[in-house]
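Student: Mind looking over this structure? Questions follow.
The values are calculated or read from the model by the stated rules, or taken from the named source; none is laboratory data. Bear in mind that the values here come from a model prediction, so they are computed numbers and not experimental data. Neighbour counts are summed over all protein chains in view; Cβ atoms, including those assigned to glycine, are modelled from backbone coordinates with ideal geometry. Note: accessible area is taken over every heavy atom of the protein model, side chains too, but ligands, DNA and RNA are not part of it. Shrake-Rupley method; radii C 1.70, N 1.55, O 1.52, S 1.80 Å.
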Amino acid sequence: TMSDSTTYYHSPVGILKISGTDQYISEITFKEKIEPVSEHLSPILINCVEQLIQYFNGERRQFDFPLNQQGTPFQQDVWNHLLTIPFGRTISYLDLAKKTGDTKATRAVANANGKNNIAIVIPCHRVIGSNRELTGYAGGLWRKKWLLEHEAKFAYGVQTLF
């Protein structure tokens, strides 16, 4: 059977809980504290942590390990579109709704965005309000701002976008 394993990484934006199997990563979420961890860490989990460290060091712009999280077909569609937003770029909730084929679905899209359980790698932090405002982020707006400024710095050498 596929055993889930979990580890924690102290990132610059706080503790990240990382879970997955020998086949894929299923969760990267922000946590306030560390719980007991698995003794066995799959190579994918170890690779995930290494890639996150590279991302935070400004040495990596995209991730290349397999992902799998449970969700409705609509949520999966939204999450797949998030994966197409380039490092250092942002789009609005309206633009994201357009990509899913329904401009009236901005609220549903924002909701699916908030349900994403694989933070950073499925970059829900790159979706912002139409007025360029940083609205909504499950991990907290300070984290969203930090991640976007981090990406802008390495993508364009710009210190701040906001």
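Student: If you keep only loop residues by DSSP, which trypsin sites (Lys or Arg not before Pro) in region 9-63 have at most 10 other Cβ atoms within 10 Å of their Cβ? Could you put the intermediate results ahead of the total?
Tutor: On the way: sites: Lys17, Lys31, Lys33, Arg60, Arg61; in loops: Lys33, Arg60, Arg61.
Sparse-neighbourhood loop trypsin sites (Lys or Arg not before Pro): Lys33.
Student: Quick one: Kirkwood hydrodynamic radius for region 83-162, alpha-carbon pairs, angstrom, one decimal?
Tutor: The answer is 12.7 Å.
Student: Where is the GNM fluctuation largest for the chain (alpha-carbon springs, 10 angstrom cutoff): Asp95, Asp22, Asp64?
Tutor: Judging by the Gaussian network model, the answer is Asp64.
Student: Of all DSSP beta bridges in the chain, what percent run antiparallel (nearest 5)?
Tutor: 75
Student: While we're looking at this one, here's another question. Taking square-rooted eigenvalues a ≥ b ≥ c of the alpha carbon gyration tensor, is region 18-60 rounded, prolate or oblate, where a/c under 1.5 means rounded and, failing that, a/b exceeding b/c means prolate?
Tutor: Cα axes put region 18-60 in the oblate bin.
Student: Sort Tyr55, Tyr156 from largest to smallest accessible area, using a 1.4 Å probe on the heavy atoms of the protein chains.
Tutor: Tyr156, Tyr55
Student: Beyond a 32 Å Cα-Cα separation, which of these cross-linked pairs lie in this structure: Lys33/Lys98; Lys99/Lys145; Lys17/Lys99?
Tutor: Pairs exceeding 32 Å: Lys33/Lys98.
Student: Given R₀ = 35 Å, FRET efficiency for Phe154-Phe74 by Cβ-Cβ distance, to 0.05?
Tutor: Efficiency for this residue pair is about 0.60.
Student: Ok, one more. Kirkwood hydrodynamic radius of the chain from all distinct Cα pairs, in Å?
Tutor: For the chain, inverting the mean 1/r across all distinct Cα pairs yields 16.3 Å.
Student: Could you state the accessible area per residue of region 21-74 in Å², with a 1.4 Å probe and every protein chain left in place? Please list the in-between numbers first.
Tutor: On the way: 3360 Å² over 54 residues.
Ligands and nucleic acids excluded, the result is 62 Å² per residue.
Student: Going from most exposed to least, what order do Phe30, Phe74 have by accessible area with a 1.4 Å probe?
Tutor: Largest accessible area first, the list is Phe74, Phe30.
Student: Kindly provide the helix-only [θ] at 222 nm of the chain, computed as the sum of -39,500 (n - 2.57) over DSSP H runs of four or more divided by all residues, to the nearest 500 deg cm²/dmol?
Tutor: -11000 deg cm²/dmol
Student: For Thr100, what accessible area in Å² do you get when you roll a 1.4 Å probe over the heavy atoms of the protein chains, rounding to the nearest 10?
Tutor: We get 30 Å² for Thr100.
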